[in-house]
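Okay, so here's the structure we're looking at.
The values are calculated or read from the model by the stated rules, or taken from the named source; none is laboratory data. Keep in mind it's a predicted model, so treat the numbers as computed, not measured. Cβ coordinates were reconstructed from backbone atoms using ideal geometry, including for glycine residues, and neighbour counts include every protein chain displayed. Quick note on the areas: whole protein, heavy atoms, side chains included, nothing else; ligands and nucleic acids left out. Shrake-Rupley method; radii C 1.70, N 1.55, O 1.52, S 1.80 Å.
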Amino acid sequence: MVSDQPALPGKPSFVVDRSRLQLMLGAPFALLLAASLVSWPWRSLGLPGIVGTLTPPAVVLLVVVALGGAYAVRRGLPVGLMTWLPAGQGAIFLLTTGFLGESEGNLTRAIVVVGAYILMFIMALVVSVMVSSAGFGWGVAFMSFFVLTQVTRFPVFGAVDGTGIDNPELLTFAAFVIAAVEVVVIAWLARRLVEAADDQTTGVVFSLLLVTFAHGILTGWEEPIVSGTLTFVNYASLAGVWLAATGLQLAVAFVFIRIRHSWFQEPAWAEPQPEADVNAFETKGVEATIMDFPAEATPRRQRPRRPRRN
């Protein structure tokens, strides 16, 4: 599916020329966004087949993303498909919440939604800890991609009768534009992460974290408008909830990744191993899996020696 090409001369390690790399990394988030986009005219026109907040085209697109995540796992999570697994997990959660969308205020619905997200979060946490073997930033980035699947969902204002929202089409379009810009930035950062040299991923990961936290600030106005309770207090409250929930999830991932590195780090007195081939992925290209990346190097101390007896 992906042709292997040699690395471009003069570029740092792991930077390869892949004409379709940007497309492969951004496709799952674009499909998730398209699932919300196709629901806009469907719900506005009141077409049949709507279940909860999901329309038939949206269900098809979400299932495609979920299957794409399963395919990425089957291939061993190639670096060119690294965004498909977190997007697939997010698609499963969006399917669950979408089917239960009309039973608002129902205690059973709340329990199912929370349980589904916790399950998906645990799965994402396990994978993020596993991929952190390629580098600490890779694990944090994977969890960020999972959280960022929520940016692809935007509300259709005026879809519910009796809300009395002025200019609902304009508001929906504004929400879509914000989501589309975020998806473009996510895809760009994903490519930067894949192509970056081992010592240049820190800045990319910090940028990804900034986008993750900024989402709540950019979209905190949407839900209050839908419910007709837009005030600064409500906006600040929802933005604060997103910042707190996102910080908690990333903090949990950070702690477990640190634990993984401290438990499986090579002892200081261990025998030195052959140096990793930093050019290995220039020949494998995007078909190389994340697990194939060399582990982060740690300084080693020499084994203490006993003093000689005279």
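When you scan region 74-148 for helices (runs of 4 or more DSSP H) that lie fully inside it, which ones turn up with 3 or more residues that are over 12 Å from the mean Cα position of the chain (by Cα)? Show your work before the answer.
Numbers: elements: 84-99, 107-131, 136-147.
Answer list for region 74-148: 84-99, 107-131.
Any residue that is part of a helix (DSSP H, G or I) and aliphatic (A, V, I, L, M) - is there at least one of those in region 152-163?
Taking region 152-163 and keeping what is part of a helix (DSSP H, G or I), we get 152.
Pick out the ones that are also aliphatic (A, V, I, L, M) and you get none.
Checked against the condition, which is being part of a helix (DSSP H, G or I) and aliphatic (A, V, I, L, M), region 152-163 yields no hits at all.
Being within 20 Å of the chain's Cα centre (by Cα), open to solvent by less than 50 Å² (accessible area, probe 1.4 Å) and not basic (Lys, Arg) narrows it down to one residue among Ala197, Ala214; which is it?
Selected residue: Ala214, the only one of Ala197, Ala214 that is within 20 Å of the chain's Cα centre (by Cα), open to solvent by less than 50 Å² (accessible area, probe 1.4 Å) and not basic (Lys, Arg).
Identify all residues within region 228-262 that are within 22 Å of the chain's Cα centre (by Cα) and of a type in the set (Ser, Thr, Tyr); write none if there are none. Walk me through it before giving the result.
Residues of region 228-262 within 22 Å of the chain's Cα centre (by Cα): 238-261.
Within region 228-262, Thr246 is the sole residue that qualifies.
Output the number of the condition that Ile178 fails; it satisfies all remaining conditions of (1) touching a Phe, Trp or Tyr at 6+ places or on another chain (Cβ under 9 Å); (2) of a type in the set (A, V, I, L, M); (3) surrounded by 19 or more Cβ atoms within 10 Å (Cβ to Cβ); (4) under 21 Å from Gly90 (Cβ atoms).
All conditions are met except number (3).
For region 217-228, which positions are crowded, with 19+ Cβ neighbours inside 10 Å and under 17 Å from Val183 (Cβ atoms)?
Thr219, Glu222
Out of the residues in region 118-157 that are aromatic (Phe, Trp, Tyr) and at pLDDT 90 or above, state the one that is surrounded by the fewest Cβ atoms within 10 Å (Cβ to Cβ). Please lay out each step first, then the result.
Start the filter on region 118-157 by keeping residues that are aromatic (Phe, Trp, Tyr), which leaves 121, 136, 138, 142, 145-146, 154, 157.
Narrowing further to those that are at pLDDT 90 or above: 121, 138, 142, 145-146.
Values: Phe121: 18, Trp138: 23, Phe142: 27, Phe145: 28, Phe146: 27.
Out of the qualifying residues, it is Phe121.
Among (1) within 19 Å of Val79 (Cα to Cα); (2) out of contact with any Lys or Arg (no Cβ under 7 Å at 6 or more places or on another chain); (3) of a type in the set (Val, Ile, Thr), where does Val204 come up short?
It is condition (2) that Val204 fails.
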